[in-house]
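See below for the structure under consideration.
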Amino acid sequence: MSRRAPIRLPPSHIDLAIARFCARQAFPGEERTLRALTVLADEKTVVAGALLYWAYSRLDAVAPAGKREADRMACAVLVASALPHVLKHLFDRQRPDRSVMRGRRRRGIPRSGEPYDSFPSGHAINIGAIAGPLARLVPPHLRPAVWPVLTLLAASRVLLLAHYPSDVAAGLVLGTFIERVTDQLAPRQVREAKQLLLSPKRTLRRARHSVAYSRERPASTVQFR
């Protein structure tokens with residue numbers, strides 16, 4: 001399927017230079033390793049991981065701060081997983097594994113996705129969406145390493161020639177923007193939903209507490225003179 005989007009977005013000279021350099025340096029063994037590594041940022045992997053952590057955070061073993069981060073991460077990831085499908089129908093850019101590799105030996109470089117779905121990188125959007133909550137969830141001594149590690153993971157898409165560097169950079173910016181917006185909007189929405197769901201339970205608990213308190217409280221004596 002060679003679907004073409006209405007907005008044509010050609011790569012820059014820097015994009016092409018980096019893609020050609022990666023094509024010359026590619027080796028089959030390294031490309032296989034990168035293909036396995038990049039699965040960690042795949043849409044299905046990120047959504048499944050975020051939702052699994054959200055479900056785990058509902059347990060009493062997770063602190064309230066961890067539950068809030070799970071809410072934010074789940075909201076950001078769900079939005080981030082949908083946005084690339086919309087943008088790829090608007091922007092037309094051929095992937096470098098088609099344009100740059102035309103007439104070259106592939107040297108282990110795979111064909112990634114649809115040929116004209118290069119902009120933006122969906123993997124990078126997912127990474128940008130989870131980076132903030134993940135940095136707040138990990139122990140403090142690991143937080144400085146979160147963004148560098150995730151950026152290297154996003155850069156694997158460039159080494160695989162699935163995307164140009166500008167595709168990945170745009171994806172990281174969009175994912176971070178989504179996380180910041182949901183960070184502001186999600187807590188109020190989640191709090192209102194929780195109050196709606198938990199209000200019957202709270203009312204029942206309060207009623208039981210009142211009954212128990214009235215039974216334990218000694219009856220007051222009235223003295224008549």
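Annotations
Residue by residue, here is whether (1) part of a strand (DSSP E or B); (2) hydroxyl-bearing (Ser, Thr, Tyr); (3) closer than 21 Å to Pro115 by Cβ; (4) touching a helix residue (DSSP H, G or I) at 6+ places or on another chain (Cβ under 9 Å) holds:
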| residue | (1), (2), (3), (4) |
| --- | --- |
| Arg20 | no, no, yes, yes |
| Ala23 | no, no, yes, yes |
| Arg32 | no, no, no, no |
| Leu59 | no, no, no, no |
| Arg68 | no, no, no, yes |
| His85 | no, no, yes, yes |
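- All of Gly103, Gly108 fail the test of being assigned to a loop (DSSP other than H, G, I, E, B), modelled with pLDDT under 85, in contact with a helix residue (DSSP H, G or I) (Cβ under 6 Å, 6 or more places away or on another chain) and surrounded by fewer than 18 Cβ atoms within 10 Å (Cβ to Cβ), apart from Gly108.
- Ser121 being surrounded by 20 or more Cβ atoms within 10 Å (Cβ to Cβ) and either at pLDDT below 90 or among the polar types (S, T, N, Q) (or both): yes
- The residues listed here are Ala48, Ala124; of these, the one that is in contact with a helix residue (DSSP H, G or I) (Cβ under 6 Å, 6 or more places away or on another chain) and part of a helix (DSSP H, G or I) is Ala124.
- Considering only residues in the stretch 1-18 that are of a type in the set (Gly, Ala, Ser) and not in a helix (DSSP H, G or I), the one that is nearest to the chain's Cα centre (by Cα) turns out to be Ala5.
- Single residue of the stretch 129-157 satisfying the filter (farther than 22 Å from Tyr56 by Cα and buried (at least 24 other Cβ atoms within 10 Å of the Cβ)) that is nearest to the chain's Cα centre (by Cα): Ala154
- Single residue of the stretch 48-66 satisfying the filter (modelled with pLDDT of 90 or more and surrounded by fewer than 17 Cβ atoms within 10 Å (Cβ to Cβ)) that is nearest to Leu185 (Cα to Cα): Leu51
The values are calculated or read from the model by the stated rules, or taken from the named source; none is laboratory data. Here the structure is a predicted model, which means the values were calculated and not measured. We place every Cβ from the backbone using ideal geometry, glycine too, and count neighbours over all the protein chains shown.
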